[in-house]
Amino acid sequence: MKGSHLRSAIVLLFALAIVAYGISIFTRPLTVDEFVHQIDKLDGQTVAVTGYLGECQVSHCMLYRNKVESDDFNRAVAEVRAELEDGADISSSPFPDHPSVSISSGSKSTIFELGVQSYKDGYVVITGEATNRCRSKDVQCKDGEGDIKFSSVHSAWTLFGGYRR
């Protein structure tokens, strides 16, 4: 009898922890496309988004649909930097228009800096608070702001057993 009460208590605590965390471990993470398309509806909610995590800056990373799109963007940035060094006018330099999600460190900058770097150049699931602030045409965002305020990162391969978009 004691064992069944203990088991019930553990299950209840686990369920409460999931609800308190704001996202179910059984919920499929959003793709980059789904997140971008629904960003206004998701504003202020805790979300999980999966994609390819490319280059990261100190408190800011970009999540792309796949490695090819991440590489396209990085190549364009490198070309613009080279043109700037040569003194060229870069006002008409095109950047790839791939959907992407900007991830900021939020209040967890130390965890972000230590944790995210080990996952860059791979497929991940990022969890955090969605914000549409930087998607507004009337707002000028600063460095370090993004579409998701970082809470945690996990490898998409281990978390979902090879789950990939």
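Grab the Cα-Cα distance for Ala76 and Glu55, subtract it from 0.36 nm times how many residues apart they are, and report the gain in nm with one decimal. Before the final figure, lay out the partial values.
Values: separation 21, 0.36 × 21 = 7.56 nm, distance 1.31 nm.
In short, 6.3 nm is gained.
On a 1.4 Å probe surface of the protein chains, which of Glu85, Glu79, Glu129 comes out largest in accessible area, and what is the full order? List each step's numbers first, then the result.
Working: Glu85 155, Glu79 105, Glu129 75 Å².
The residues order as Glu85, Glu79, Glu129, largest area first.
At a 1.4 Å probe radius, which order do Lys120, Lys67 fall into by accessible area, largest first? Mind dumping the intermediate values first?
Values: Lys120 65, Lys67 90 Å².
Heavy-atom accessible area, descending, gives Lys67, Lys120.
The values are calculated or read from the model by the stated rules, or taken from the named source; none is laboratory data. Not measured: the values here are computed from a predicted model. Accessible surface is based on the protein model in full, side chains and every heavy atom, while ligands, DNA and RNA are left aside. Shrake-Rupley method; radii C 1.70, N 1.55, O 1.52, S 1.80 Å.
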